Each structure stands twice: as structure tokens, then as C-alpha cells.
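The values are calculated or read from the model by the stated rules, or taken from the named source; none is laboratory data. Since the model is a prediction, treat every value here as computed from it, not as a measurement. Cβ sites come from the backbone with ideal geometry, for glycine too, and all protein chains shown count toward neighbours.
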């Protein structure tokens, strides 16, 4: 399966905003965007004129990279969101918020979505008591996400919880960090997305 294997911080520099791909490092002076806030490449320092298409493309790329989703899957999410009732842009963001890897990150398991995704793939989680190792799995109200007993007894998971203790949990999740569990109490809303995304630009791009 195709995936990006280059430096994560290069993506933040390309989009000109912090995508929080490196966990705590993003909040320190070591953040690549803080140290060198220019577009990667030999022409990164030059002036660039961004047209309508370029603006729309950058917003789509920013959203994809923030959630760690590849183009084909992101496009499939949009097509499903477009067919649903309501605003396509809102539906799209709500759908990606419901991904299991994002839920794991939101409940404090993983310093970044990339790390949370890896933990899901390695089989450390259950959903409603059943093994769940597919990061793209979409949760729904009533679902209970938990770390397996064998996993939560390790120092790795205890450290993760300690490091993310101050991270706010969205209102649509009811997290019990002491027991490494979370329950989906409602569907997420557009306001649940705490990252600046102009989703209407993504809709305009895919609707051409």
C-alpha cells in the first residue's frame, strides 16, 4: 500500500501550519515550522502566486495530512459524505473524526495520530469487546473502545496516558483514562474539529 515515508515535519512546512504530526515536539522550539517556516525545496524562499485551484488543493492536502489519510480513501469519504443529507463538508469531517485511529488519539492513546494508528494496527484495541485492528473503522454512538488488558499493563501505555493527561477529550467521547476506555456518547459535530479547516474549499475542489 502506498504511504508517505518522508519527514513528517516537511508536511507541516509545505502547508504552512502545524499539523501536530510529531506529538510533543510540535509544542517545543524543535518544531521544524518554528525553526524554518518556509516551503521545502530549492524555491521555497521565492514568492508564489496562489490561484483558486491552488488554494483549494492546499486545503485538501492539509486536511488529509492532519488525519493521515491517503488520497483514494479521502476521496471515497467525500463521495459518501456528498450523498448524505446535510452539508458535504461537515459530513466529511464528521466521518474522519469517527475513524478508530482518531478516536484512540482523542482518548489520549498516542502522542500523535500516526502513533495511535500504529497501535491500532498492532492489535492493542477492542471495540465492544471484539478485536479491532483496522484504523479506518468508523465508530458509532454506543461503541466502547478499550485497550486490551495485556497492553494497558505495559509501561508504554502507562507513559502515554501520563504524557497526554492534559489533552482535552471532545464532548462526544466519554473517556476513562484510568481504565484506558472510552465510550462514544454521540455523533461528533463540526464544532468537534479543533483544527482550522475550510471544508468548503475541499468540496469545491472535488465538485469540479
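Figures for the structure shown
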{"quantity": "Residue 151 outside the structural domain of residue 106 (by TED's automatic domain parsing) and touching a helix residue (DSSP H, G or I) at 6+ places or on another chain (Cβ under 7 Å)", "calculated": "no"}
{"quantity": "Residue in the stretch 170-177 that is under 14 Å from residue 102 (Cα atoms) and in a loop (DSSP other than H, G, I, E, B) present", "calculated": "yes"}
{"quantity": "Condition met for residue 186 (part of a loop (DSSP other than H, G, I, E, B) and in contact (Cβ under 8 Å) with a residue 12 or more places away in the chain)", "calculated": "yes"}
{"quantity": "Residue match in the stretch 49-64 (condition: at pLDDT below 85, on the phi < 0 side of the Ramachandran plot and touching a helix residue (DSSP H, G or I) at 6+ places or on another chain (Cβ under 8 Å))", "calculated": "yes"}
{"quantity": "Filter result for the condition that a residue is in contact with a helix residue (DSSP H, G or I) (Cβ under 6 Å, 6 or more places away or on another chain), assigned to a helix (DSSP H, G or I) and either farther than 19 Å from residue 202 by Cα or in contact (Cβ under 8 Å) with a residue 40 or more places away in the chain (or both), over 89, 110", "calculated": "89"}
{"quantity": "Filter result (crowded, with 17+ Cβ neighbours inside 10 Å and over 18 Å from the mean Cα position of the chain (by Cα)) within the stretch 144-160", "calculated": "146, 147, 151, 152, 157"}
{"quantity": "Residue tally, condition surrounded by 14 or more Cβ atoms within 10 Å (Cβ to Cβ) and touching a strand residue (DSSP E or B) at 6+ places or on another chain (Cβ under 8 Å), over the stretch 169-206", "calculated": "10"}
{"quantity": "Top-ranked residue in the stretch 92-107 [being assigned to a helix (DSSP H, G or I) and touching a residue at least 60 places away in the same chain (Cβ under 8 Å); ranked as nearest to the chain's Cα centre (by Cα)]", "calculated": "97"}
{"quantity": "Criterion: farther than 27 Å from residue 86 by Cβ and outside any strand (DSSP E or B) - qualifying residue of 146, 165", "calculated": "165"}
